[in-house]
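Structure record follows, encoded as structure tokens.
Quick note: the coordinates plus some simple rules give every number you see, no bench work behind them. As the structure is a computational prediction, the values presented were derived from the model and not from experiment. Neighbour counts are summed over all protein chains in view; Cβ atoms, including those assigned to glycine, are modelled from backbone coordinates with ideal geometry.
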Amino acid sequence: MEEIELTVIQLIKRAHDKLESAKILLKEGRFDDAISRVYYSAFYAARALLLLLGVQVKTHEDLLSMFGLKVIKQGILSKEIGKYLSELHDARMNSDYSIIVYYDEDDAREYITKAEKIINVIKRVITERFNIVV
């Protein structure tokens, strides 16, 4: 197995781990923390796909920009998925840094659902386009 393939598999594993952490935090009523973790689940999945497309990113803003250019604008994934990733990023910024924005259980559940959709479509593309089982 090539190094890039191993890295992609690890990134997808990390995406699943963060998603599971978000679900645990949701059950504990820690909605802001759940939203922060759920963003990272999508972040790692997006990073895996970008890596396979030959793109390495260093910042969250780079990831969003390159995901838009290399994945959404190229038609690999729908605009809806790009919108979900941006929403998750904005929610993560608010949940981590805002002192006046608070999220509730419904918000956390909505973002978990969106992250699951992002991860699932990215996994499908990785499997179908790159023949890597994740």
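Residue-wise, which Karplus ³J(HN,Hα) couplings in Hz belong to the range 37-44, taking 6.51 cos²θ - 1.76 cosθ + 1.60, θ = phi - 60°, and x for glycine or proline?
After applying 6.51 cos²θ - 1.76 cosθ + 1.60, I find 5, 5, 4, 5, 4, 5, 4, 5 Hz.
Determine the relative contact order of the range 3-130: mean sequence separation of Cα pairs under 8 Å and six or more apart, normalised by residue count, in whole percent. Write out the running numbers ahead of the final one.
Working: 153 pairs, mean separation 42.7, N = 128.
So the answer I get is 33 percent.
Under 10 Å from the Cβ of Ile72, count the other residues' Cβ atoms, weight Lys and Arg +1, Asp and Glu -1, and hand me the total.
Details: positive: Lys70, Lys73, Lys79, Lys83; negative: Glu80.
Once positives and negatives cancel, what remains is +3.
By a straight-distance test (C-alpha under 15 Å), which aspartates and glutamates pair with Lys23 as possible cross-link partners, with residues fewer than eight away in the same chain excluded?
Asp32, Asp33, Asp104, Glu105, Asp106, Asp107, Glu110, Glu116
Determine the calculated [θ] at 222 nm for the chain from helices alone, applying -39500 (n - 2.57) to every DSSP H run no shorter than 4 residues and normalising by the residue count; nearest 500 deg cm²/dmol.
-25500 deg cm²/dmol
Can you put Glu20, Glu110 in order, fewest other beta carbons within 10 Å first?
Working: Glu20 12, Glu110 16.
So the residues, fewest neighbours to most, are Glu20, Glu110.
With springs connecting C-alpha atoms under 10 Å apart, model the chain as a Gaussian network and identify which of Ser86, Ser78, Ser21 has the largest mean-square fluctuation.
For the chain, modelled as a Gaussian network with Cα springs under 10 Å, the answer is Ser78.
Give the angle, between 0 and 90 degrees and rounded to the nearest 10, that separates the Cα long axis of helix 3-27 from the longest principal axis of the Cα atoms of the chain.
With rounding to tens, the tilt is 20 degrees.
Mind checking the full-extension length gain between Asp106 and Met93? Use 0.36 nm per residue of separation minus the Cα-Cα distance, one decimal, nm. Don't skip to the answer; put the middle values down first.
Numbers: separation 13, 0.36 × 13 = 4.68 nm, distance 1.79 nm.
Between Asp106 and Met93, full extension yields an extra 2.9 nm.
Taking the Cα centre as origin and putting +1 on Lys and Arg beta-carbons and -1 on Asp and Glu beta-carbons, what dipole magnitude results for the range 3-130, to the nearest 20 debye? Mind dumping the intermediate values first?
Details: 20 positive and 20 negative charges, 111 e Å.
Taking the Cα centre of the range 3-130 as origin, the dipole is about 540 debye.
For helix 79-97, report the angle its Cα long axis makes with the longest principal axis of the Cα atoms of the chain; keep it between 0 and 90° and round to the nearest 10°.
Approximately 40 degrees, to the nearest ten.
Give me Rg over Rh for the chain, both radii from the alpha carbons and Rh done the Kirkwood way, two decimal places. Show your work: numbers first, answer last.
Working: Rg = 14.4 Å, Rh = 14.8 Å.
With Rg and the Kirkwood Rh in hand, the quotient comes to 0.97.
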